Amino acid sequence: MSSVRVRLPTQRGELRDRHEDGHRIHHLLWRLGPGVRVCSSAVLGGGIGPRAWILNAQVPGGYPRLDPDRHLAEIAAAEGLTGPGAGLMTAADVAAYTTGHDGGVTATVTAGLGVRGWAAAPDDGRAPSFRPGTVNIVVTLPVALSDAALVNAVATATEAKVQALLDAGLDCSGTPTDAVCVAAPEPGPDGGEPFAGPRSTWGARIARAVHTAVLAGARPAA
């Protein structure tokens with residue numbers, strides 16, 4: 001079963017800059033418009049649902065705020081964005097973003113790997129702290145995905161990220177605050193593509209695009 005191509009999400013983020021607390025910093029902005037939904041672990045607008053925009057915002061190191069969701073909403077408002085959106089945050093240099101492309105899929109990555117480790121780490125009894133270093137991944141597809149395939153796409157992107165980190169020579173699975181967004185057209189009557197695992201047509205393309213982008217971003221940290 002093939003999915004109807006409803007609407008192509010904006011593939012490449014627009015690099016923007018702003019001044020905050022004496023710093024000139026950047027953010028990437030995708031203006032998705034209507035007819036696109038996103039599955040994400042974003043601090044603002046996470047979950048599955050229609051999203052009109054995605055924002056990946058750089059913040060200074062030693063980030064002092066405890067309300068990242070409100071901060072992202074303020075940046076979005078300053079850009080004139082309206083409607084529901086998804087917002088990611090990182091202390092990495094957003095202007096150094098990397099991309100990967102495969103068969104209509106685009107992956108855009110910002111890689112901050114100063115605080116990295118393994119997902120299954122021993123419990124040392126300390127409360128986790130918010131550190132916005134992060135590997136942020138935004139994936140855009142030209143075809144609609146079912147709910148299950150959207151969730152599977154996030155898992156596939158994460159698997160490809162870990163593979164790229166290992167291929168870059170890093171002994172880690174990521175950072176404690178990594179986030180993923182997958183944007184695709186809303187499904188039509190056919191319900192969208194049913195699969196996005198790494199051996200499915202679109203999942204394989206996601207995996208290769210993410211691997212390329214993460215590997216390019218991770219090599220300077222290796």
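At-a-glance table
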| read-out | value |
| --- | --- |
| Reciprocal mean inverse distance between Cα atoms of the chain - Kirkwood radius, Å | 17.3 Å |
| Three principal axis lengths of segment 71-125 [C-alpha, angstrom, descending] | 43, 35, 21 |
| Net +/- balance of residues flanking Thr82 in space, Cβ distance below 15 Å, scoring K and R +1, D and E -1 | 0 |
| Solvent-accessible area of Val139 with every protein chain in place, 1.4 Å probe, in Å² to the nearest 10 | 0 Å² |
| Charge context of Leu55, other residues only, Cβ under 12 angstrom, K/R +1, D/E -1 | 0 |
| Whether segment 163-211 is rounded, prolate or oblate, judged on the alpha carbon gyration tensor where a/c under 1.5 counts as rounded | prolate |
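The values are calculated or read from the model by the stated rules, or taken from the named source; none is laboratory data. Since the model is a prediction, treat every value here as computed from it, not as a measurement. Note that we place each Cβ from the backbone using ideal geometry, even for glycine, and neighbour counts take in every protein chain shown. Only protein heavy atoms, including side chains, enter the accessible area calculation; ligands, DNA and RNA are left aside. Shrake-Rupley method; radii C 1.70, N 1.55, O 1.52, S 1.80 Å.
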